[in-house]
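Please read the structure below before turning to the comments.
A short reminder: the numbers here are calculations on the coordinates, not readings from a lab. Since the model is a prediction, treat every value here as computed from it, not as a measurement. Please note: Cβ atoms are built from the backbone with ideal geometry, for glycine as well, and neighbour counts cover all protein chains shown.
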Amino acid sequence: MQKSKFISVFYNLSPHEKIAFKKWVYSPFFNKNELLRELLDYFYPINLEKDRQLLDRKLVYGAIFGDKPFDNVPLRYLSSELMQLLEQFLVFQYRKTKTIDFQLDLSQIYKEKGFNQLCQQSIQKASKQYKKQPYQDTKQLNLDYKIESIIYHSNVDKDRSTSDNLQALNNSFDKKYIAEKLKHSCRILSHQGMYTQQYNTGLLKEVLEYVASHSSYLETPAIGLYYYYYMASTSVDQEATFFRKFKQYLFQYQALFEREEVRDLYILATNYSIKRTNTHQRDYYLQEAFELYQQALKANILLENDKISPFAFTNIVAIGIGLKKYPWIWEFIQEYTTFLPNKIRQAYTDFNLSRWYFHQKQYQKAAELLVADDFEDLHLNLSAKMLLLKIYYELGEFQLLDALLNRFRTYLSRQKELVYHKKNYTNIIRFTQRLVSINPFSEKAKQKLQKDIEKVDLLTEKTWLLEQLGEL
């Protein structure tokens, strides 16, 4: 039973949730099956780290059914019923925290039972609670529309000639639709920057034009933020202006968004900045990304369930190194490595320490960390190969470098879903091979290679390549 759905969920509950669930199972209102209580009592004290063997099906069966011959069917049914109780409990616990939704649901129950006055009272309570809550994110815009919709139907049921809130209903619908449309379009942009998938964006063009000509909508933070991000990502002439406006909104209004959405907004912002470090404005956007990450760390936004994303961890190290903030980065690695997920902690710590050692010109230490680890993650594998490429070049190990470049090119050819990274690394391989084979005494050849490197936009190691060329 170790891989059962119930085991996965139950042993993820907090101690408080386990106690509450036990009360739920023991309540005759929710459960009248004594065997389910016995099954829960068996699971309840088990410590997965020490007693995982106790989850063997035959041991569980014997604890519940005694000396009866083993039969997996009744045990499977019993486990399924216990899982249903757990799911009901989890939904109930979740709904308890949604006080506004509770009042709105209650209003609909009263309405169906003909208690119109009580229905109105519940709607009023929901409206008051909504006005008191601090958030103005997309969830709240959806909730505002839900409230206005319920008010409308409640009024119409009383008097079909009444439509007091039709304008408010229309306004709330427009705001929630525009905000959600822009938010989803930003997600699509972010995904397309990494992969080849194409999407039909529907009414996006019309929405963008409408917001541009009705600037009052930008006063709604959830609309302004996603509008400015989308325009920064797609505008040719005003991308810096739009991005500054987006960043201003983010710092100014982040307290009005729930933590999860703030985190997503910071990810959008940092990804945008990192991508633009490959342009002629590299230093500007490195500093922008560093400031964004510092702000996110200060606000404790990057930790989710006491874990930091390995991508954020790696990006912070790369940006700090790019700005030569070596002492700060060393302290960051030491402090935050414990927040990396257990399964990948060693790989990401080794890679980022290797990167730090490389920039301290401690190439042997850097190489030892890379060769000793097996990087399973696709993007980490690419980055590790790139770093090893530079180490071999710096050490003058050109036979090892040539073999690595050939393996690297073959590896990239198999990654069909990559777009941005594949093109970037292919450019790096091509220019590295030219750098290694160039005649160091030919100024004409070196000038030609320099011009070719400089005119390529997608080349994350442009600075490094030019530095090596300049040293020949």
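Give the residue list of chymotrypsin sites (Phe, Trp or Tyr not before Pro) in segment 382-446 that are DSSP loop and have at most 12 other beta-carbon atoms within 10 angstrom. Sparse-neighbourhood loop chymotrypsin sites (Phe, Trp or Tyr not before Pro): F441.
Between the beta carbons of K416 and I109, assuming R0 = 45 Å, the FRET efficiency works out to 0.30 to the nearest 0.05. Computed from Cα atoms, the angle from the helix 138-158 axis to the main principal axis of the chain rounds to 30 degrees. The loop-placed trypsin sites (Lys or Arg not before Pro) in segment 260-367, going by DSSP, that have at most 12 neighbouring Cβ atoms within 10 Å of their Cβ come out as K324, K361. Within the chain, the longest segment free of exposed loop sites, counting GluC sites (Glu not before Pro) that fall outside DSSP classes H, G, I, E and B and have at most 14 other Cβ atoms within 10 Å, spans 1-257. I'd like the FRET efficiency for F311 and Q133, computed as 1/(1 + (r/R0)^6) with the beta carbon distance as r and R0 of 30 Å, rounded to 0.05. Using R0 = 30 Å, I get an efficiency of 0.40. Would you please state which residues of segment 343-365 a label at W330 would reach in this model, taking the label point 7 Å out along Cα→Cβ and a backbone N cut-off of under 16 Å? It comes to 352-363, 365, nothing else.
Number of Lys-Lys pairs in segment 375-472 with C-alpha atoms under 19 Å apart and a separation of 8 or more places or on different chains: 17. Grab the beta carbon distance between K50 and A445, set R0 = 60 Å, and tell me the FRET efficiency rounded to 0.05. The value I calculate is 0.35.
Over all directions, the projected convex hull of the C-alpha atoms in segment 5-96 averages 6.0 nm² in area. Restricting the calculation to Cα atoms, segment 109-239 shows an Rg/Rh of 1.09 when the hydrodynamic-style radius is the Kirkwood one. Kirkwood radius, segment 46-150, all distinct C-alpha pairs, inverse of mean reciprocal distance: 17.8 Å. Per residue, the average separation of C-alpha pairs within less than 8 Å and at least 6 apart gives segment 375-472 a relative contact order of 20 percent.
Please give the calculated 222 nm ellipticity per residue for the chain, where each DSSP H segment of at least 4 residues contributes -39500 (n - 2.57) and the sum is spread over every residue; nearest 500 deg cm²/dmol? Calculated mean residue ellipticity at 222 nm is -23500 deg cm²/dmol. Shape descriptor for segment 391-434: Rg over Rh equals 1.01 (Cα atoms; Rh from the Kirkwood inverse mean 1/r).
Plainly put, the chain has a radius of gyration that is 1.06 times its Kirkwood radius, both from alpha-carbon atoms, as the Rg/Rh ratio.
Helix 99-112 versus the longest principal axis of the chain: what is the Cα-based angle in degrees, 0 to 90, to the nearest 10? So the helix axis and the longest Cα principal axis differ by about 40 degrees. Run through every distinct alpha carbon pair of segment 375-472 and return the Kirkwood hydrodynamic radius in angstroms, one decimal place. Mean inverse Cα-Cα distance, inverted, gives 14.0 Å. Applying a DSSP loop filter and a limit of 16 other Cβ atoms within 10 Å to the chymotrypsin sites (Phe, Trp or Tyr not before Pro) in segment 289-340 leaves nothing. With all pairs of different C-alpha atoms in the average, the Kirkwood value for the hydrodynamic radius of segment 257-351 is 13.6 Å. Taking a straight line from the alpha carbon of K18, these lysines sit under 25 Å away, with near neighbours fewer than eight places off in the same chain left out: K3, K5, K32, K50, K58, K96, K98, K307. For segment 5-96, averaging the sequence separation of C-alpha pairs within contact (under 8 Å, six or more residues apart) and dividing by the residue count gives a relative contact order of 36 percent.
Projecting the Cα atoms of I429, F102, L256 onto the charge dipole of the chain (Cβ charges, centred on the Cα centre) puts I429 farthest toward the positive pole. Relative to the longest principal axis of the Cα atoms of the chain, the long axis of helix 310-322 lies at roughly 40 degrees.
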